[in-house]
Amino acid sequence: MTRTLVTSALPYANGDIHIGHLVEYLMTDIYVRALRAAGEDVIYMCASDSHGTPIEVNARKKGVTPEEMVAEYNRRHLEDFSGFQIAFDRFYTTHSDETRHHAERIFTRLTEAGLIYKKDVEQYYCEEDRRFLPDRFVKGACPRCGAEDQYGDSCEKCGATYDPTDLKNSFCVLCQKAPTRRSSVHYFVDLEKARPEIAAWVAKDGHLHPEMRNWLEVNFLKNELRPWDISRDAPYFGFKIPGETDKYFYVWLDAPVGYIGTTQKYCDEKALDFSAWWEKDADCRVVHVIGKDITYFHTLFWPAMLHAGGYTLPSRVQIHGFLTVNGEKMSKSRGTSITARTYLKHLDPQFLRFYYASKLGPGPDDLDLNLEELVLRVNAELVNKLANLASRSVALLSKRLEGKTGALDPGAAELLAAARAKVPELVAHYRAFEFARAVRELCAIAEVANKYLQDAEPFKLVAADPERAREILSAALAFVKGLAILIGPVLPDFQARCERMFQAPRPWTFADADFTLAPTTLTPFERLVDRVEPAAVAAMVEDTRSQFAPPPGPGDRVPAFKDTIEIDDFGKLDLRVATVLTAKKVEGSDKLLQVTVDLGREKRNIFAGIAAHVDPAWLTGRQVVVLANLKPRKMRFGVSEGMILAAEDVDGKLSPLGPGLDLFPGATIS
C-alpha cells in the first residue's frame, strides 16, 4: 500500500496563529483524517519556520535569544492547533540538527550538479541599522505593476518576482529611511539549468490544479527562469553555509527542508525507516498544502532542490486562496483579524471547522468568512440537520425505551441503501479536496433522515406500540452513525461523542459507514454541538478590536461635552478674579480647604474641594477664578460664599484656574 506524507506550510515563529492561517491547517487536517479513515498509511508533518531576519530582529527587541523566541511560538502554535483538533503526527522546528543535515545535503548535491554559483551582488544596506536588508526588510513599488508597499522579493498584487533593488521608491521597513547600496558575494541556484525537471514536474497531471499550472507556465516557464539567491549576510538567524563564516542559507532554502527534517525526527523517535518516505523512488505520495502566495517556492524552487538532492518529489501541491472576512481583508481595527486564541475564548472550534469545510474546494479561489452566514449556516445545517437528528432519536429512545436499539424499520431500508451507495462518492470528494461537495451531500442525507423521522412519528407510537417505535428510532440512529462517520474528518469531536454514545469498541472508519446498526444500549445522551449565538460572535469581534486598539491618549479620556447653551445662559455667570488671602485644611474633612478670598468689593469665605490636590501654602497669595454669584451654601463647617474654578486632568487631579496675569481683585471674566 502506497504511503502518503502530508504537510502544511510551516507557520512562522514570529506571531500567533489567526483564522486566516487556520484555513490551511484545517484543510490539511480534514484531508489527513479522511485518508486515515479510508485505511491509508498517512502521516502529517509540520514545524515552526524558525529562521530569518524578522526573528533575529524581533528577538533582540524582546530581549531574548532567537532560540527562546522560536521555542515560545512553537509552544503557542501547537496549543492553538490542538484547540482546533488539528492532529499532527509530529510538530517540530526547522531550527534542528535534522533540518541542517538535509539542507546541507541538498546544497552539496546542487553544487555537484553544477547548479550553484557565486557572484558579487549589489544589495540594499541600511546605514541607520547597519545591516544588509533581506527581501522582507525592503519595501517599495512593484517594478512591474506599480503597486505600492510591496516586499523586496515578490508582488502580492501581480505575482511578479524580482530583485529588491528593482523596487521603486524603496525604504527600510525598520527605520523607514531610504537604503544605500553595497556589494557582497552571494550564492545562487541556476534554475534555468533545472528547467527540464521543473517543467516536467509542473506539466504532469495531478501535481497542480490546472489554474495554477497555467499561472506558472504564463508567468515563469515561458521565460528564462531567474537565478535564485540562496544566501544572506550576517547578522542572520539560520544555518551557516558550509565553509563560510558570515553567510547563511536564505530561510526559503531550509524552511521547506523542515518537512524532511521533521519526518527524520518522527522516524527516529518511532524507529521507522526514513527512506520509505523521502528517498527518491520511495513508494510514497507527498502532498503539500499551501497558500497561493508561496506557490513559486513550492512549485519551482522546491522540485529543483528535491530532484538534485535525491528526494521524493511532491505528488500534489494543493493550493488554496486567501481568507477575507465579511468580504474584506482581515482588519485589526474592525476586529476581524481574529487570533486562534481569541476565537477559542468565545466559540466552539467545530463551528469554524464545519464552515470552512462547507466552502473549500480544490481550486485556489479565495474564501470569505461571513460572520452572519457562519451563524446561519452552522445553526441551520450542523445543528438543525445533523445534531438534531441524533438528539431527537436518542432522547426518546433513552427516556421511553431503556436506550436500547433493535431491528431497523424495514420501511427505511431503501433510504438507508441510497445513503450507503453515496459513501464511495463521498470518500472520493475528500480525496480530491472537494470538501464543500462532501458537506452538501451529507446535509442532503441528513434532510432525508430528518424527514423520515418526522413522517414516521415514533413519539406517537412509543406508548401503544413501543417495538415499532424502537424500529423507527433504530433506523434513524443508523443514519446518525453513518453521518457521524462521514462528517468525522470535518468534525472529529462530533464523531468521538457519537462513538461514546454508541459504545463503539474502536474508532470508526469509513468501512463502518454502512448505514446499519446492530442492537446496542446507548450511553446517556451527550450533546453533540450547541447553537452559535450571535452575541458570542459579536463579543469575539469586540475582544479582537480591543486587543489591537491603540493605548488611550488624553483625548480618548476627555469626558463628553455637556449640552449646548445660549449666550444668555453664559451671561448669567459672574466670574471674577480673586486673590487668596488665607487657605487651610478643614478639620474633619479630607477634601475641603477653607479659603478666604479678596474680590475687591468684599472678602468671602469659600469651602473648596481641592485639599487632596493643592498645598494650602502654595495657594495663599495666588489669584484664582471664582464664581461669585453662586447662591451661598450652608455646610456643617460654615457657609460657603462662592466656588473656586479648577481644571481636572485625565488622572483626576485638580488644579485651580487663574487669570495668567496679575489683575486687580474683582476683575470680571467674560
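Read the figures in this text as sums done on the coordinates, not as results from a lab. Just so it is clear, the structure is predicted and the values come from calculations on it, not from any experiment. Glycine also receives a Cβ, built like all others from the backbone with ideal geometry; neighbour counts cover every protein chain displayed.
Structure data summary
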quantity	calculated
Estimated vicinal HN-Hα couplings, Hz - the range 340-351 in sequence order (Karplus 6.51, -1.76, 1.60; Gly, Pro = x)	4, 5, 5, 4, 5, 5, 10, 9, 6, x, 4, 4
Euclidean distance of C-alpha centroids, the range 334-374 and the range 600-664, integer Å	59 Å
9 Å beta-carbon shell around Ala87, net charge (K/R +1, D/E -1)	-1
Whether the range 567-669 is rounded, prolate or oblate, judged on the alpha carbon gyration tensor where a/c under 1.5 counts as rounded	rounded
Pairwise label distance in nanometres, Asp120 with Thr324, each label 7 Å out on the Cα-Cβ vector	4.9 nm
Ser231 long-range amide H proximity, modeled H, under 5 Å	Tyr187, Tyr250
Descending semi-axes in whole angstrom, ellipsoid equivalent of the range 100-151, from the Cα gyration tensor	30, 16, 12
Across Lys270/Lys422; Lys168/Lys222; Lys385/Lys422, pairs whose alpha-carbon gap is larger than 29 Å	Lys270/Lys422
Karplus 3J(HN,Hα) series, Hz, for the range 14-27 with 6.51 cos²θ - 1.76 cosθ + 1.60 (x for Gly, Pro)	9, x, 7, 6, 10, 5, x, 4, 5, 3, 5, 6, 5, 4
Cross-link table Lys451/Lys481; Lys404/Lys481; Lys292/Lys332, entries beyond 19 Å C-alpha to C-alpha	Lys292/Lys332
Straight-distance crosslink candidates among lysines, where the alpha carbon sits under 23 Å from Lys119 and sequence neighbours closer than 8 are dropped	Lys193, Lys240, Lys247
Gap separating the Cα centres of the range 138-178 and the range 454-501, nearest whole Å	58 Å
Relative contact order of the chain, pairs being alpha-carbon contacts under 8 Å that are 6 or more residues apart, as %	12 percent
Centroid-to-centroid separation of the range 56-99 and the range 108-128 [C-alpha atoms, Å]	28 Å
Under 12 Å, Cβ to Cβ, from Val625 - net charge with Lys/Arg +1 and Asp/Glu -1	+1
The chain: calculated mean residue ellipticity at 222 nm from DSSP helix runs of at least 4, using -39500 (n - 2.57)	-11000 deg cm²/dmol
Where labels lie 7 Å past Cα in the beta-carbon direction, separation of Arg500 and Thr668 in nm	8.2 nm
Label corresponding to Rg/Rh (Cα atoms, Kirkwood Rh) when calculated from the structure given, among (1) 0.98; (2) 1.16; (3) 1.08	(2)
Per-peptide average of other Cβ atoms within 10 Å, ordering 213-220, 663-670 highest first	213-220, 663-670
Debye intensity ratio in log₁₀ form over the Cα atoms of the range 343-391, taken at each q of 0.13, 0.25, 0.29 Å⁻¹	-0.34, -1.00, -1.15
Prolate/oblate/rounded label for the range 414-467 (Cα gyration tensor, a/c 1.5)	prolate
Antiparallel bridges, percent of DSSP beta bridges restricted to the chain (to nearest 5)	70 percent
Positive minus negative residues near Lys270 (Lys, Arg vs Asp, Glu; Cβ under 11 Å)	-2
Fewest-first ranking of Val626, Val289, using other Cβ atoms within 10 Å as the exposure measure	Val289, Val626
Segments 249-256, 39-46, 373-380 sorted - mean Cβ within 10 Å per residue, highest first	249-256, 39-46, 373-380
Nearest-0.05 FRET efficiency for Ala418 and Lys634, computed from C-beta distance (R0 51 Å)	0.05
All lysines inside 24 Å of Lys603 as judged from Cα atoms, apart from same-chain residues fewer than 8 positions distant	Lys572, Lys584, Lys585, Lys591, Lys631, Lys634
In order through the range 298-307: 3J(HN,Hα) via Karplus (6.51 cos²θ - 1.76 cosθ + 1.60), integer Hz, x for Gly, Pro	8, 10, 10, 5, 5, x, 5, 4, 5, 5
Between 0 and 90°, nearest 10: helix 97-112 axis offset from the chain longest Cα axis	60 degrees
Cα-only Debye scattering, the range 192-257: base-10 log of I(q)/I(0) at q = 0.25 Å⁻¹	-1.01
Separation in nanometres of the label points that stand 7 Å from Cα toward Cβ, at Ala560 and Asp368	3.4 nm
Cβ crowding within 10 Å averaged over residues, with 516-526, 334-344 ranked highest first	334-344, 516-526
